[in-house]
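All of the numbers you see were taken from the coordinates with simple rules; none came from a lab. Source: prediction; values computed, not measured. Using ideal geometry, Cβ is built from the backbone for each residue, glycine included, and neighbour counts are taken over all protein chains shown.
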Amino acid sequence: MFNSIGEVVLLFWRTLCAWPHAWRQRQKVYDQFFEIGNASLLMACILSLFIGGVLALQSGPVLAERGLANLIGGIVGLSMCKELAPVMMGILIAGRIGSAMAAEIGSMCVYQEVDALRTMNINPVHYLVLPRLVAIAIALPLLVVFSIMTGWFGGAIVSASNAHIGVSLSAFFSTLKTFVDLQDIGNGLFKSFCFALVIGTVSCHQGLQTIGGPRGIGRSVTKAVVNSIVLILILDYFLTRWLLIFD
Amino acid sequence: MHSSPSHPPSGLALRVRGLRKSFLGVEVLKGLDFEVRPGEIFVIMGPSGSGKTVLLKHLIGLTRPDQGEVLVNDRPVDSPEVMEKFRMAMVFQSGALLNSLTVGENVGLYLAEHRLKTPAEIALIVADKLEVVGLKGSEEKMPSELSGGMKKRAAIARALVIEPQLILYDEPTSELDPLSSVVIAEEIFALNQRIGVTSIVVSHDRDLAFGVADRIAFINQGRILAIGTPAEVRAHPDPLLQEFLNASFKPDQAKE
């Protein structure tokens, strides 16, 4: 296990060192970015709409019973931007994009395409890892912005339409504005940026480690997704503790 | 390999000293020593599982040995100096074309990634190299649209673009029909004659080996059994080597 962690850290460091090559790889970054956004935006929005809705549905009646229904905007607002949007999007992207990265690079390893790159003195870190890491590091925080907005919207609709809550849209967003400030949104975006680096590095590392045939590719994909999700949840705790210092 | 392929290359010398490699405790290469001279076609033959492809990966620095070394013009093959100074290419058994790129992009990949030519120049070079290997007009095709033989020829075109000083072929005629095998053999020979490239061919195709080789090394179970000119290898007394060279299917014996 420690060996794998060391290799992931080393791959991340090598990718950071390759940063000056990012502009040269801009076409690949754009392609990957389009792939991530196109594949995930609709699903991210649907997921967030319902998460926001469920959050309002669960907490709204409890608050209303105690005469605190007007706080619902603040609760949904803060929960979405500080915790739910970054973590849920991280898990979604680990499943959708992390698996695709591991499978694509893994099959390139199995079918000797990565070896072919090496024989042409083309560094696989520059050619394969860097564009994916840059693309996901930009795309995930942007997805989180959409997720936060649709989550708020979902919470607002449920709060307004549910008879047990009975908070109007304007009252919902008015409370939300009181509770949520830009720093809270910034915290969520920063978390998602860190999660993106984890997903990109872990998935590319698993892809590059692939040996064997189709079974090896399947094993790499599973490991990439599981390891990414576990790391996201662990990292979330420590990032939250650290970010609370600045609140 | 970063240097621009603008001048005619001269073949590289390659020396292998005491090469040993094990995988999961099984020794695949058991102390190999041989030399490949500049500009020659050196064929490595042997039965399946004898360690030929593992050896080839060591020769281009894709795999590191447990013991011993591979020297290219007296410099270790995995040193950055070799990668910077010399141009080497490998034609993989499967072709190893990048499936996400077109044939044209695959062939021009080296020039495009190292920014050695403008896109217009690359397009001209790619068209020229594809014509050399008989794939004129295939630039826009995807690798999945090509047959096995066409993939190998495209891989040779990709290697030609590098204008290599050392080129390694892994089973270049496997899975090919006899006519395609002849085309590939002719191309290996013609390339060697045209630019003086040092060629190392791993194969168990006897016709190819004895047709193109200046020298042949016969490997069995990770050891060199025989090395020399085709005539010397053919005359070697080792029974296993003779059995390998003279193996043929005899229907009468099989029926008995």
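In debye to the nearest 20, how big a dipole does the protein assembly as shown give about its Cα centre with +1 on each Lys and Arg Cβ and -1 on each Asp and Glu Cβ?
740
Which pairs in the list A:82/A:177; B:117/B:151; A:191/A:223; B:57/B:136; A:28/B:52; B:30/B:57 are over 26 Å apart, alpha-carbon to alpha-carbon?
Violating the 26 Å Cα-Cα cut-off are B:57/B:136; A:28/B:52.
Evaluate E = 1/(1 + (r/R0)^6) for residue A:68 and residue A:41, where r is the Cβ-Cβ distance and R0 equals 45 Å; express this FRET efficiency to the nearest 0.05.
My answer for the efficiency is 0.85.
Under a plain spin-label model, where a point goes 7 Å from the Cα along Cα-to-Cβ, how far apart in nm are residue A:233 and residue A:9?
2.4
Can you tell me the orientation of helix B:178-195 relative to chain B, as the angle in degrees between its alpha-carbon axis and the longest Cα principal axis, to the nearest 10?
Its long axis makes an angle of about 70 degrees.
Taking chain B as a Gaussian network, where each spring joins two C-alpha atoms under 10 Å apart, which residue of B:220, B:246, B:106 fluctuates the most?
It is B:246.
Restricting to DSSP H runs of at least four residues, report the calculated mean residue ellipticity at 222 nm for chain A, -39500 (n - 2.57) per run over all residues, nearest 500 deg cm²/dmol.
One gets -27000 deg cm²/dmol as the mean residue ellipticity at 222 nm.
With label points built 7 Å along Cα→Cβ from the Cα atoms of residue B:48 and residue B:238, find their separation and express it in nm.
Spacing of the two 7 Å Cα→Cβ label points: 2.0 nm.
Multiply the residue separation of residue B:64 and residue B:186 by 0.36 nm, subtract the distance between their alpha-carbon atoms, and state the gained length in nm to one decimal.
Between residue B:64 and residue B:186, full extension yields 40.7 nm more.
Rounded to the nearest 20 Debye, what is the dipole magnitude of chain B about its Cα centre when Lys and Arg each give +1 and Asp and Glu each give -1 at the C-beta?
360
Points 7 angstrom from Cα along the Cβ direction at residue B:229 and residue B:141: gap in nanometres?
Those two pseudo-labels are separated by 4.0 nm.
For every helix of n ≥ 4 consecutive DSSP H residues, a contribution of -39,500 (n - 2.57) applies; sum these over chain B, divide by its total residues, and give [θ] at 222 nm rounded to the nearest 500 deg cm²/dmol.
Helices in chain B give a 222 nm mean residue ellipticity of -10500 deg cm²/dmol.
What is the distance in Å between the Cα centroid of region B:186-209 and that of region B:218-250?
When both Cα centres are located, 19 Å separates them.
Please identify, among B:180, B:22, B:199, the residue showing maximal mean-square fluctuation in a Gaussian network model of chain B using a 10 angstrom Cα cutoff.
Result: B:22 has the largest fluctuation of those listed.
How big is the gap, in Å, between the Cα center of region A:20-77 and the Cα center of region B:18-60?
55
Tell me the relative contact order for chain A as a rounded percent, counting alpha carbon contacts under 8 Å between residues six or more apart.
34
Round to the nearest 10 and give me the degree value, 0 to 90, for the angle of helix B:119-132's Cα axis relative to the longest principal axis of chain B.
40
What are the DSSP H helices in chain A that stretch 20 Å or more along their long axis, judged by alpha-carbon atoms, and whose average Kyte-Doolittle hydropathy comes to at least 0.0?
Qualifying helices, which must be both long enough and hydrophobic enough, are A:2-17, A:26-65, A:130-161, A:182-208, A:214-244.
Excluding same-chain residues fewer than 8 positions from residue B:152, which aspartates and glutamates have a Cα within less than 13 Å of its Cα?
Within the straight-line cut-off, residue B:152 pairs with B:170, B:171, B:175, B:177, B:187.
Please give the charge dipole size of region B:99-163, origin at the Cα centre, charges +1 on K and R Cβ atoms and -1 on D and E Cβ atoms. Round to the nearest 20 debye.
200
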